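The values are calculated or read from the model by the stated rules, or taken from the named source; none is laboratory data. This structure is a prediction, so every number in the text was calculated from the model and none was measured. Methodologically, a virtual Cβ is constructed for each residue, glycine included, from the backbone with ideal geometry; neighbour enumeration extends over all protein chains shown. Ligands, DNA and RNA are excluded from the accessible area calculation, which covers all protein heavy atoms including side chains. Shrake-Rupley method; radii C 1.70, N 1.55, O 1.52, S 1.80 Å.
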Amino acid sequence: MSRSLMRALDILDAVSTGPISLVDITTRLGLTRSTAYRLASALVDRGLLRHDPRKGYQLGPRILTLGAMAHESADLIAIAQPSLDALSLETGDATNLAIRDGEHIVYVGRAPSRRLLAVRHQLGDRNRVDATALGRALLMDAPSAVWRASFPAESQDALIAEGFSRHIGEDGERICCVAAPVRDASGEVIAALSLSSAQQYMSADQMDAAGRQVADAATVVSRRLGWTP
């Protein structure tokens, strides 16, 4: 990790206890005034800090947003885990929960495969939206322009009608994956739930059946989050 990043994190730690002046930041962290000002200004620009001329630097609105997102993610994972476990136990395949982060997905929940040839994703792993069934499920309700930017050759309407997405990897073991969106109480897609298996365990008919199972599991999680179809 770069020194600048570490120093910026140190500044966030220093500010977390209350407003602090630039002079206090330089003294407490042993930074030059120019370095402290440069890093603090960058944090202000990103909304992680805000500056009051009378009080000094304070935590910014972006920190509150990130904190709320972290809290929501923790609730989401706790609510989804029983469904991940049950689906994995029923099928023998790996199940995953992911959220979207820009053009990537991030795996935030999982239950392991019970097969000899297992598909594994670690918590925190990232993948491109356009390279996964999870990414397709996460964009199910996206504006058409957003959908076409990631999947120009695929029908969004067909995905919506089917209720789940599918993807077969083109490299290596050709992993098969099906995924369905998870919605909050407002109906917004906030995550996606998936099942992944090696192609030798997943014929076309088995993939269809797995897709319906995943869609049902995602609906259960969504209902627990307050969504009413």
**Report entry** Residues (at pLDDT 90 or above and out of contact with any helix residue (DSSP H, G or I) (no Cβ under 8 Å at 6 or more places or on another chain)) located in segment 85-105
**Finding:** 85, 88, 89
Report summary line: Checked against (1) closer than 15 Å to residue 104 by Cβ; (2) touching a residue at least 60 places away in the same chain (Cβ under 8 Å); (3) not aromatic (Phe, Trp, Tyr), residue 138 satisfies every condition except (2)
Query raised in the report: For segment 28-57, what are the residues that are open to solvent by less than 50 Å² (accessible area, probe 1.4 Å) and acidic (Asp, Glu)?
Result: 52
Report summary line: Among residues of segment 13-27 being assigned to a helix (DSSP H, G or I) and modelled with pLDDT under 90, the residue most open to solvent (accessible area, probe 1.4 Å) is 13
Requested in this report: Would you tally the residues in segment 135-157 being surrounded by 13 or more Cβ atoms within 10 Å (Cβ to Cβ), under 18 Å from residue 215 (Cα atoms) and not aliphatic (A, V, I, L, M)?
Outcome: 4
Query raised in the report: Taking segment 28-54, which residues are hydrophobic (A, V, I, L, M, F, W, C) and part of a helix (DSSP H, G or I)?
Result: 29, 36, 39, 40, 42, 43, 44
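Rundown of residues vs (1) more than 23 Å from residue 127 (Cβ to Cβ); (2) of a type in the set (Ser, Thr, Tyr); (3) without any contact (Cβ under 8 Å) to a residue 12 or more places away in the chain, yes/no style:
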{"site": "183", "(1), (2), (3)": "no, no, no"}
{"site": "196", "(1), (2), (3)": "no, yes, no"}
{"site": "203", "(1), (2), (3)": "yes, yes, yes"}
{"site": "213", "(1), (2), (3)": "no, no, no"}
{"site": "217", "(1), (2), (3)": "no, no, no"}
{"site": "220", "(1), (2), (3)": "yes, no, no"}
{"site": "223", "(1), (2), (3)": "yes, no, yes"}
Query raised in the report: Just wondering, is there one or more residues in segment 63-78 that are at pLDDT 85 or above, within 30 Å of residue 151 (Cα to Cα) and open to solvent by less than 70 Å² (accessible area, probe 1.4 Å)?
Result: yes
